[in-house]
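The values are calculated or read from the model by the stated rules, or taken from the named source; none is laboratory data. This is a predicted model, so every value here is computed, not measured. Every residue, glycine as well, gets a Cβ built from its backbone with ideal geometry; the counts of neighbours run over all protein chains shown. Note: accessible area is taken over every heavy atom of the protein model, side chains too, but ligands, DNA and RNA are not part of it. Shrake-Rupley method; radii C 1.70, N 1.55, O 1.52, S 1.80 Å.
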Amino acid sequence: MKTILICGATGFIGRNLLDYYYKQNKYKIIATHFKRSAIKGYDGVKWVKCNLLDPYQVKSILKDVDIVLQFAATTSGSKDITTRPYIHVTDNAVMNSLLLRECYDQGINHFVFPSCTVMYQPSSTALSEDNFNGNDEIFPTYFGVGNTKVYIEKMCEFFSRLGRTKHTVIRHSNMYGPYDKYDLERSHMFGATITKVMTSPNGKINVWGTGEEKRDLLYVEDLVNFVDSAINNQNSSYELFNVGVGKAISVKEVAQKIINHSGKNIEMVHDLSKPTIPTSLFLNCNKAKELLGWEVKVDLDEGIKKTLKWYKENI
């Protein structure tokens with residue numbers, strides 16, 4: 001039985017990966033946590049409190065590991081991206097550099113890294129992986145985080161060329177679903193809207209900005225399925241994949257769908273004093289389908305219903 005290491009297993013995507021592989025019972029699982037406590041109820045999972053900025057702790061957790069799912073990161077919402085962009089740059093660059101070097105040194109079989117899509121230019125057509133050119137100017141709001149992600153993507157490609165470790169890089173679209181952040185200080189658009197709708201005291205919710213910006217929204221279960229497809233089906237030493245729904249929907253349309261599925265009588269009020277990141281993009285994911293056989297299974301309406309059900313039962 002191979003050993004899979006899930007970095008950031010108490011976070012949004014990491015927790016969903018943990019649930020999936022725990023139920024599969026195909027791997028020995030090591031799960032890292034740091035700021036949050038280890039989660040009870042996962043019998044047989046080895047929990048390790050680990051600061052991924054410490055090279056000695058990184059070296060220790062990778063011993064006898066076969067597959068690394070690197071979903072630990074410093075993340076937050078648009079407020080921090082606009083007011084404290086540096087927090088997404090330094091820690092993430094350091095921790096991933098340490099992990100990649102140590103994976104090479106220890107001969108880890110497979111390293112999976114979630115990038116993002118902020119390096120892409122806004123577009124009215126679906127963007128494929130080769131639509132990003134390193135000479136393109138990244139949207140100013142995302143300059144720091146976008147260039148950090150590109151740097152880590154290139155580090156993955158570099159180490160893959162040394163011949164020991166297979167690397168998968170995922171440019172995933174905006175994620176939503178169970179275990180996401182639902183507090184208004186740290187949440188992304190989707191989680192914040194869920195919370196606003198479900199806790200509205202006066203039948204109104206504030207939507208940051210105009211709500212005209214569009215997003216490609218992917219339910220987390222589909223991303224988990226992609227990760228498993230990459231583990232089982234990727235043959236090459238390095239691949240970069242777009243992973244999204246392939247459709248764009250405006251923030252205000254998403255908010256209205258959440259309101260409708262909540263069954264509440266809620267009015268949207270636009271708060272134009274809050275930051276708006278006026279981008280619109282969606283992804284061409286043909287490569288993931290052609291090479292891995294992966295396709296989206298959960299549409300937005302079904303995903304909203306699943307998320308609301310989870311929210312009511314857990315928050």
Residue with peak Gaussian network fluctuation, the chain [Cα springs, cutoff 10 Å], from 97, 60, 128:
60
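Which order do the peptides 38-49, 239-250, 283-294 come out in when sorted by mean C-beta neighbours inside 10 angstrom, highest first?
Ranking, from highest mean packing down: 239-250, 283-294, 38-49.
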In the chain, with Lys and Arg counted as +1 and Asp and Glu as -1 at Cβ, which of these residues, 17, 190, 234, has the Cα nearest the positive end of the dipole, that is, farthest along it?
17
Other residues with Cβ under 13 Å from the Cβ of residue 98 give, with Lys and Arg +1 and Asp and Glu -1, a net charge of -2
Residue-normalised value, i.e. accessible area per residue, for the stretch 1-106 at 1.4 Å probe, in Å², stands at 50
Given the options 112, 224, 94, which has the most mean-square fluctuation in a GNM of the chain, springs set between C-alpha atoms less than 10 angstrom apart?
94
Sparse-neighbourhood loop hits (GluC sites (Glu not before Pro), the stretch 131-238; DSSP loop; Cβ within 10 Å at most 10 others) -> 137, 185
When the chain is modelled as a GNM with alpha-carbon springs shorter than 10 Å, which of 211, 134, 144 fluctuates the most?
134
Does anyone have the angle between helix 12-24 and the longest principal axis of the chain? Alpha-carbon axes, 0 to 90°, nearest 10?
60
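Add +1 for every Lys or Arg and -1 for every Asp or Glu among the other residues with Cβ under 15 Å from the Cβ of residue 162, and state the total.
Values: positive: 101, 154, 161, 164, 166; negative: 102, 105, 157.
Local charge sum for residue 162: +2.
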Compute the helix-to-body angle for 143-160: its Cα long axis versus the longest principal axis of the chain, expressed 0 to 90° and rounded to tens.
30
Ignoring ligands, DNA and RNA, please state the percent of accessible area on the chain from carbon and sulfur, probe 1.4 Å.
48
Which of the listed residues, 85, 124, 139, is farthest toward the dipole's positive end in the stretch 84-147, when Lys, Arg count +1 and Asp, Glu count -1 at the beta-carbon?
85
Nearest-ten-degree value, helix 189-199 long axis tilted from longest Cα axis of the chain:
50
Matching label, Cα extents along the principal axes in Å computed from the structure shown, candidates [x] 60, 51, 33; [y] 56, 48, 37; [z] 54, 45, 40:
[y]
